[in-house]
């Protein structure tokens, strides 16, 4: 009986091991597929700077890599910027930097024009989405600086698409932020409301 039990246990572990291999392979394949839109988007980003809200012409090129939800947010932010311009016909005030200068897929200030990118890793989330961590490079070629963002990738209509970008904390940025939040700064949908929106949010808290 001892030998029979031993053989049974060995066979059981062997079967379990074989069943886990396809699962690991499937997970790895999904991670690689989730990276496809990220590679496509950041290839565009390093070849031509994208500062502020992308124009309709630029969106035609970017849209294949973005989810319908993110496309909608970007379109609303552009409408909000148009509304700001309408409210300031004399051009006597600087337009909000979040809508005009911020690198929507790379970050603020001196992070708006990376010339290189590298995908560091991809992690699956409990909700079925993926976080693709991208290292970006900017600055002098002799002494470049690097930072990391995380593209949130979801499955949509049988394909993967970028649904958000997380700007991670580092030595220069103390607070993590998201593209989806930045696109609504000072905006109520397609309307510019400025500080009134921020005050309303504070009161709700």
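Each reported figure results from applying straightforward, stated rules to the coordinates on display, with no laboratory input. Just so we're clear, the structure is a prediction, and the values are computed from it rather than from any experiment. Heads up, the Cβs are rebuilt from the backbone with ideal geometry, glycines too, and the neighbour counts pull from every protein chain shown.
Quick notes
- The listed peptides 148-154, 72-78, 187-193, 121-127, ordered by packing as a protection proxy, come out as 148-154, 72-78, 187-193, 121-127 (highest mean of other Cβ atoms within 10 Å first).
- Difference of contour (0.36 nm per residue) and Cα-Cα distance, residue 145 to residue 44: 34.4 nm
- Rough spin-label spacing in nm, given labels placed 7 Å along Cα→Cβ, for residue 31 and residue 92: 5.7 nm
- Over all pairs of different C-alpha atoms in the range 2-191, the reciprocal of the mean inverse distance, the Kirkwood hydrodynamic radius, equals 18.8 Å.
- Length added when fully stretched, residue 118-residue 69, from 0.36 nm per residue minus Cα-Cα: 15.1 nm
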